[in-house]
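The values are calculated or read from the model by the stated rules, or taken from the named source; none is laboratory data. All values derive from a computational prediction rather than experimental measurement. Using ideal geometry, Cβ is built from the backbone for each residue, glycine included, and neighbour counts are taken over all protein chains shown. Just the protein is used for accessible areas: all its heavy atoms, side chains included, with ligands, DNA and RNA removed. Shrake-Rupley method; radii C 1.70, N 1.55, O 1.52, S 1.80 Å.
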Amino acid sequence: MTGPRVAIGSILTECNQFGGSPIDLDWFERYELRWGDEMLAIDAGVVGGALQELRGAGARVTPLLAASTCPGGCITADCYQRLRGELLERLRLALPVHGVLLLLHGAAVAAGVDDPEGDILQAVRQLVGADVPVVATLDLHAHVTQAMVENAHGLVAWATYPHRDTQTTGQRGAHLLLETMAGRCRPTMALAKVPVIVGGLHGSTDGDGAFARIMRAARQQELRDGVLSASVFLVHTFLDQPDLGGGGLFITDGDALRARDLAEATAGAYWDSRHELEATAVAPGDAIRAGMAIDGGPVILVETADCAGGGASGDSIASLRALLQLETPPASLVPVVDPAVANACHRAGVGAGLHVAMGHAMDPQWGTPLVVDIRVESVHDGRFRYAGGIWDGVVGEMGPTAVVAMGAVLVLVTSHATYDWADEQWQAVGIDPRRAKFVVAKNPMNFHNVYDEVAKAVFILDTPGPTPATIAQHPLRHMQRPYFPADDDIPDLKPTVWTNAGLYA
Ligand SMILES: [Zn+2]
């Protein structure tokens, strides 16, 4: 074999600095944690796509590790040092290599390390030197930092939200790396961002919303000569760090000025769309009253502030409490993470009646438990398989799980928070959520994957939690003013611009 030697590694999760539970190695073990050669069996998602592209080109692949998990609070120091240390040590042992491909997220935070992806890219760069191409893929919710831009030949982000293109993004990243290693291009990258911090609710790349339009305009540039890659970032909202914001990142073949112009134009369009991107929410009681006035169901109550996919603990009972305030609540479905209640249900068995305190056990700052009588309808091992998205094909683990009834309201009580893609968690316990009157969905975007065709109405709820619809009422300490939504207008705003020109100096 004479193909180029490529080292490939992945550490992928998203972190929440408003709340959530710390991410440790158990979290990665529940989703995906593969060391060295174990990584080669991955055939889907961003790692699968990258491996296919590299193998197709005849590259000799050196797998480092693949670690990914559901978003949470910050990664613990021990966990981060273990993953970082393994990745770097395995790379050091593999040297010399012709290129390095890293499949990252871009909005992780570890205890004591604000920018793990920048930290890893910098450390990898130090190991391999300035001349060895290093390419990384990111989520479009990445908080792209100067350290990431300056240490990578290329950064390539997924271009869809809901995230359906992780596999092709892996391919795009691998392709850019292969072309660079072969000397067929000289990736010249510029990022431009503006201080707009808005939630995911209006960030869909489907349809004709502001973010979809900006994404389409940017990606069209990829069809033009000399533009190697276009990415648009809708920064992860629930960080508190300097230089947060959204914008564009372009890679041209050696044309620094053009990369910068395109990135600045995208950042400008992003700024102009800020009001359209900012979401509003309604009180749960108002949403439920309006939903009761609608014939049939399902009516979707989006409890976006408790989104495990954004790092929340999934343990809020705010929507549940509001539903139970109805005199006779209709058939409704609510997911709540509460390991103690789930385990109590397993011990008591199907049919048992229990008096429990449910909710706000993991991240208690957002509410008080609901003290309530429940009946155990069914118990489950909590395993399911994702049918799309970032973890397509991967087994998710809710841990010991129970479906409990409070009259016609059914609660899916799980031991672990899991990322919501479609309705895999409900299907795993034998429930079709389309048949309920009210369904509580704890994700600002992915409920579209299930309910767009069938929902009678959708209400975005204003409830306490670390992933709210807007951060307007949540002052940031480390992000410098001015920024939107804290500041509605910023006279003479110039985007922040970073480039990888230093690699060619
Ligand atoms: Zn994302």
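Counting only strands (runs of 3 or more DSSP E) that sit wholly inside the range 1-73, those with at least 1 residues that are touching a residue at least 40 places away in the same chain (Cβ under 8 Å), of a type in the set (G, A, S) and open to solvent by less than 30 Å² (accessible area, probe 1.4 Å) are 5-12, 60-68.
Restricting attention to the range 466-486, the residues that are closer than 17 Å to V198 by Cβ and either touching a residue at least 24 places away in the same chain (Cβ under 8 Å) or assigned by TED's automatic domain parsing to the domain that holds K437 (or both) total 14. Across the range 196-212, which residue is nearest to the ligand (Cβ to nearest atom) among those that are outside any loop (DSSP other than H, G, I, E, B) and under 19 Å from F447 (Cα atoms)? Per the criteria, the residue is F211.
Scanning the range 215-268 for residues that are open to solvent by 40 Å² or more (accessible area, probe 1.4 Å), within 26 Å of I197 (Cβ to Cβ) and among the small types (G, A, S) gives A217, A265.
Of the residues making up the range 294-321, those that are under 19 Å from G72 (Cα atoms) and open to solvent by 10 Å² or more (accessible area, probe 1.4 Å) number 1. Of all residues in the range 157-183, which are within 16 Å of the ligand (Cβ to nearest atom) and hydrophobic (A, V, I, L, M, F, W, C)? Of everything in the range 157-183, those that are within 16 Å of the ligand (Cβ to nearest atom) and hydrophobic (A, V, I, L, M, F, W, C) turn out to be A157, W158, A159.
Give me the residue from the range 88-122 that is of a type in the set (D, E) and assigned to a helix (DSSP H, G or I) and, out of that set, nearest to the ligand (Cβ to nearest atom). It comes out as E117.
Each row is one residue, and each column tells you yes or no for (1) within 15 Å of the ligand (Cβ to nearest atom); (2) in contact (Cβ under 8 Å) with a residue 12 or more places away in the chain; (3) within 30 Å of P464 (Cα to Cα); (4) aromatic (F, W, Y).
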site: A152; (1), (2), (3), (4): no, yes, no, no
site: V194; (1), (2), (3), (4): no, yes, yes, no
site: S229; (1), (2), (3), (4): no, yes, no, no
site: L239; (1), (2), (3), (4): yes, yes, yes, no
site: P242; (1), (2), (3), (4): no, yes, yes, no
